[in-house]
1. Taking amide H positions as placed 1.01 Å from N in the peptide plane, with prolines and chain starts having none, which residues 5 or more places from N195, or on another chain, fall under 5 Å of its amide H?
2. Just want to confirm a number: the relative contact order over the range 47-162, from Cα pairs under 8 angstrom separated by 6+ residues, in percent.
3. So for the range 41-184, if I pair up every lysine 8 or more residues apart or on another chain, how many of those pairs have alpha-carbons under 24 Å apart?
4. Note down the nm distance, to one decimal, between modelled labels 7 Å out along Cα→Cβ at A145 and at S110.
5. In what sequence, highest mean first, do 65-73, 173-181 appear when ranked by Cβ atoms within 10 angstrom?
Amino acid sequence: MKHDAKRRRLVITLMLATALLVTIGSAFAYFTSILNNDRAEKMTLKTGTMALVFEDNDKGINKSLAFGETVTKKFTIENTGTLDASLSLDFLKLQNSYLHRSLSYNLTYSETEDGEYKELVPETNMPVSNIPITSAISGEISVPAGEKYYYNLNITLNDLPDKDQTVDLDASFSTEFTVNTPSRYRYYTLRVDPNGGVWKTYTGPQECLLKSDEEMAIEDPTRYGYDFGGWKIIGASSEIDG
């Protein structure tokens, strides 16, 4: 079966709410410390901002591909804050009726517009679904403070000699994209210490994994032992930075 003259249409758009320019930002304070022999020799309170600007370089792609051809979606991420920051990138409203393995993608990046592109996400089979789904591209894309990185999302219509791809001649693919907080920040660990008492059936500390916006109530706690009297730092010097 010859595919040379057969071209299929891929629709790739990027819509983030109603804008093509999206900023993810926050400001916070945090501690860094240097420890020596269990004594804090130095502790620094730093403040900073995280601000990532995700910008699409075009209004979308509506292109016909022959088997074996690749289409590239370009975008940039700029960190305008004072701290290293990261985000996640997902396919949004993805629909793909091609055969499994017919479509694949990889993600590359460069630190300069004309620089060498390095692989960030290796060649991956595109999810197959006849209904709109969300699927992760990368759980975390990091950009140093003050830097702007350039990205190519490459989608390939593969010519598979081991498959009869006749059904692909009537297949379709479309997707949008969405950015979010990095996957490692989507959950947090809550540590519950009965402190000499009992929580549920536990007498020792337990850790619970919760979603970032999820709350958990500790019902009718009974406290044993000493009251918490605050943190104490011995032999520390501090400074405000940033």
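Taken together, the values in this text are just the output of simple stated rules run on the coordinates, not laboratory data. Predicted, not measured: the structure shown is a model, and the values here were computed from it. Every residue, glycine among them, receives a Cβ derived from its backbone with ideal geometry; neighbour counts consider all protein chains shown.
1. Distant-sequence amide H within range of N195: zero hits.
2. On the way: 265 pairs, mean separation 44.0, N = 116.
It rounds to 38 percent for the range 47-162.
3. 16
4. About 2.8 nm separates the two model spin labels.
5. 173-181, 65-73
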